[in-house]
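For reference, the structure discussed in these notes is given below.
The values are calculated or read from the model by the stated rules, or taken from the named source; none is laboratory data. Remember, predicted model here, so these are calculated numbers, not experimental data. We place every Cβ from the backbone using ideal geometry, glycine too, and count neighbours over all the protein chains shown. Only protein heavy atoms, including side chains, enter the accessible area calculation; ligands, DNA and RNA are left aside. Shrake-Rupley method; radii C 1.70, N 1.55, O 1.52, S 1.80 Å.
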Amino acid sequence: AEMGATTGLLTRYFPSRRELLHFTLSESGEILNRHLQAAIAGLSGRAALRAAVQAALPLDEPRRSAWALWAVFLGLIAADAGLAAIHDQFPQALRAVLIRSMREAQRDGQLAPSLYPPQVADGLLCQITGASVRMLGDPAAKIEAVAAGAFAAILGHAAHNPSTDPAHASAGAAS
């Protein structure tokens with residue numbers, strides 16, 4: 001009523017509450033996915049991996065709102081398989097990007113070949129989800145630092161290639 005709209009306006013586009021919920025959740029996932037795809041465009045390997053982690057976090061209002069909706073729907077997915085499938089679309093898209101980026105990084109010598117990308121992606125996905133939900137409850141939380149720490153902890157045993165690490169190369173040149 002405050003917007004000057006009636007429920008009739010909504011029911012013209014969404015004949016059922018279920019369709020409205022599905023659309024709303026799908027749109028929140030699309031917002032997150034658009035940020036993800038824009039962040040990794042033109043990147044590969046470790047750079048794409050880092051960009052994907054940063055892009056997935058609720059660091060601006062559109063992503064905060066999308067994560068808030070995503071979190072609200074957690075309570076509804078058990079009773080609606082269709083809603084559960086929509087709810088899982090963004091995490092699965094993010095997981096695929098993480099796995100692909102890790103495999104590229106392994107190919108390029110940026111990550112240890114002993115890492116198993118699907119397992120590491122699952123760990124990163126849990127860290128991203130937890131950090132994002134925590135940030136919804138505590139917007140002042142330094143989630144970027146938490147995410148960077150999680151990123152370093154999970155990928156800390158990455159291969160160091162002195163020829164591609166400028167800091168290491170300059171330190172070696174100084175000795």
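Things worth noting here:
- For region 60-90 and region 14-44, distance of Cα centres in Å: 10
- Distance (nanometres) between label positions extended 7 Å along Cα→Cβ at Ser16 and Gln119: 4.2
- The Rg/Rh ratio of region 26-86, with both radii computed over alpha carbons and Rh defined as the Kirkwood radius, is 1.06.
- FRET efficiency for the Ala78 to Asp138 pair, using the beta carbon distance and R₀ = 35 Å, is estimated at 0.85.
- Solvent-accessible surface of region 37-126, averaged per residue with a 1.4 angstrom probe and all protein chains in place: 46 square angstrom.
- Counting Cα-Cα pairs of region 11-118 in 10 Å increments starting at 0 gives whole-percent bin shares of 15, 38, 28, 15, 4, 1.
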